[in-house]
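Below is one structure, written out as structure tokens; the observations come after it.
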Amino acid sequence: MNQMIIKELSHFLEQSPTPFHAISNISDILLKNNYTQLHENQKWQIKKGGRYFVIRNGSSIVAFVIPADGMSGMHIMASHSDSPAFKIKENPELDADGHYIRLNTERYGGMLCAPWLDRPLSVAGRVIVKDKHNGYISKLVNVDRDLVLIPSLAIHMNRDANNGYKYNMQKDMLPLYGNLTAKDSFMKIIAESAGVQKEDILGHDLFLYNRQKTSVWGGSEEFISCGRLDDLQCVFASLSGFLAGTAGIGQATTASEKTERHRSRTHMPVLCVLDNEEVGSETKQGAASTFLYDTLTRIHSSLGYTQEDYLIHLADSFMISADNAHAVHPNHPDKADLSNRPYLNGGIVLKFNGNQKYCTDGISAAMFRDICKQAGVPVQTFTNRSDMTGGSTLGNISNTRVALNTADIGLPQLAMHSPYETAGILDTEYLIKASEIFFKA
């Protein structure tokens, strides 16, 4: 177990309570590694050997490194920044029986409801204000203290609670914020956290998040638990592999070093983190949007390539769609497929689905297995039971805009879509190693 990787993963998870924070953290890491930020509303001036990234909506990012000696294709790794949560509605404060204040929320994505109950929660996201030039700017918000809680109904008042319960999102899942003394204070707290005045806030995107810190546990400390492992664990691993795999780009100091470092690099490395996968990806910053396509075509245009050149390069490209996978559950092993049964700490999971919810096929499976072989890391396989339907991910959705050979993979985990998920301590490092090999090619 690499203690430094676990420490860095834990820090990244805890500092990324929302997609906006995750992308801000990725941006900071890229800037520290000499990447230059581009903006969609400005002309791009890019050069061979350069390192760049572009952000859309503050919640999606594409980073890339231009090969120094020409391009024959692209190696793209995509993951998503969002996780199921409860979104704060407009006019959020609700009076409860003349004694309490609750917050009005709505479900974002398909979460497990029960684990949200009876645990300290807080609020994070962004607010929108006008700057002195009458432009709109986004301010990150994280009320970094225990702020709200969703209390369960006592067993005495619901004797059937342990016999199965259907949660009503408008009744059962609203968080308690305070007594009546807290009335009209919620947006003031948000404004203070953002460093602005309440009256200056023109819009907001705010979410509840679990306050419990990352835990490494188990008889041999072999498990890690935290919120948002799906999919920030893959985001962290792919970013780490991207930085390691592209470390030598543009840094050669002699002609011989430059030749050696770029001798086999003809594929442009591209890291892509998209928002809104948990709600279908059909947004301006999701996998179904034009964000990745727009970025790739602008790169080609800026470098003097034609549209036909772009299509030729696309045909010689490969994408890894990295979104966590279901591990066999120790109490419910019957829920797993008969012969494709991934386990925590067993390695990266290659995902298959006959109805194309995952886009792995024979070609992309062979390509990904070869990458893992070069990296010396284990590979597991996942399919749903034939009598059960599963979820989907961003690979096949992204392929409707940018069509190329793609493998859907993930890291095995338990309690997917809980606010406190569990994964294996070894698997993050496996994906970092595979990603590094992928981006070096």
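The single condition among (1) open to solvent by less than 20 Å² (accessible area, probe 1.4 Å); (2) touching a helix residue (DSSP H, G or I) at 6+ places or on another chain (Cβ under 8 Å); (3) within 27 Å of Ser225 (Cα to Cα) that Lys351 does not meet is (2).
The residues in the range 305-337 that are open to solvent by 50 Å² or more (accessible area, probe 1.4 Å), within 21 Å of Arg369 (Cβ to Cβ) and in contact with a Ser or Thr (Cβ under 9 Å, 6 or more places away or on another chain) can be counted, and the count is 1.
Report yes if some residue within the range 407-419 is open to solvent by 20 Å² or more (accessible area, probe 1.4 Å) and not in a loop (DSSP other than H, G, I, E, B); otherwise report no. Yes, the range 407-419 has at least one match.
Pick from the range 58-96 the residues that are open to solvent by 40 Å² or more (accessible area, probe 1.4 Å) and at pLDDT 95 or above: which of them is nearest to Leu208 (Cα to Cα)? Ranking the candidates gives Lys87 first.
Of all residues in the range 379-401, those satisfying the criterion of being within 23 Å of Leu271 (Cα to Cα) and open to solvent by 50 Å² or more (accessible area, probe 1.4 Å) are Val379, Ser392, Thr400, Arg401. On the stretch given as the range 10-29, residues that are out of contact with any helix residue (DSSP H, G or I) (no Cβ under 8 Å at 6 or more places or on another chain), farther than 15 Å from Ser83 by Cβ and crowded, with 16+ Cβ neighbours inside 10 Å total 3. The requirement of being open to solvent by 10 Å² or more (accessible area, probe 1.4 Å) and either polar (S, T, N, Q) or under 21 Å from the mean Cα position of the chain (by Cα) (or both) is satisfied by Lys7. Screening Trp116 with (1) open to solvent by 40 Å² or more (accessible area, probe 1.4 Å); (2) within 25 Å of Ser81 (Cα to Cα); (3) touching a residue at least 60 places away in the same chain (Cβ under 8 Å) gives one miss only, at (1).
Evaluation of Phe53 against the conditions (1) under 21 Å from the mean Cα position of the chain (by Cα); (2) more than 30 Å from Val402 (Cβ to Cβ); (3) not in a loop (DSSP other than H, G, I, E, B) shows that the sole unmet condition is (2).
No other residue among Ser152, Ser122, Ser138 is small (Gly, Ala, Ser), over 29 Å from Ala22 (Cα atoms) and either in contact (Cβ under 8 Å) with a residue 40 or more places away in the chain or surrounded by 12 or more Cβ atoms within 10 Å (Cβ to Cβ) (or both) apart from Ser152. When Met367 is tested against the conditions (1) within 26 Å of Thr246 (Cβ to Cβ); (2) open to solvent by 40 Å² or more (accessible area, probe 1.4 Å); (3) under 18 Å from the mean Cα position of the chain (by Cα), the lone failure is (3). Among residues of the range 280-296 that are more than 16 Å from Met77 (Cα to Cα) and in contact (Cβ under 8 Å) with a residue 60 or more places away in the chain, those with a beta-carbon under 7 Å from a residue that is assigned to a helix (DSSP H, G or I) and open to solvent by 10 Å² or more (accessible area, probe 1.4 Å) at least six positions away or on a different chain give the pairs Ser281/Ile397.
No other residue among Ala415, Ala407, Ala403 is out of contact with any Pro (no Cβ under 6 Å at 6 or more places or on another chain) and either at positive phi or among the acidic types (Asp, Glu) (or both) apart from Ala415.
Checking each residue in the range 201-229 for being surrounded by 14 or more Cβ atoms within 10 Å (Cβ to Cβ), of a type outside the set (Val, Ile, Thr) and farther than 26 Å from Tyr108 by Cα picks out Gly218, Glu222, Phe223. Just to check your reading of the model, which residue among Lys87, Lys43 is free of Cβ contacts under 8 Å to residues at least 12 places away in the same chain and farther than 21 Å from Gly241 by Cβ? After applying the criteria, what remains is Lys43. Yes or no: Lys48 basic (Lys, Arg), part of a loop (DSSP other than H, G, I, E, B) and modelled with pLDDT of 95 or more? Against the criterion (basic (Lys, Arg), part of a loop (DSSP other than H, G, I, E, B) and modelled with pLDDT of 95 or more), Lys48 does not qualify.
Taking each residue of the range 11-32 that is more than 20 Å from Pro419 (Cα to Cα) and looking for partners that are part of a helix (DSSP H, G or I) and at pLDDT 95 or above with beta-carbon atoms closer than 7 Å, six or more apart or interchain, yields Asn25/Phe12; Ile26/Leu239; Ile29/Leu239.
The values are calculated or read from the model by the stated rules, or taken from the named source; none is laboratory data. The structure displayed is predicted, hence computed values, not measured ones. Here Cβ is always computed from backbone atoms with ideal geometry, including for glycine, and neighbour counts include all displayed protein chains. Accessible surface areas use protein heavy atoms only, side chains included; no ligands, DNA or RNA. Shrake-Rupley method; radii C 1.70, N 1.55, O 1.52, S 1.80 Å.
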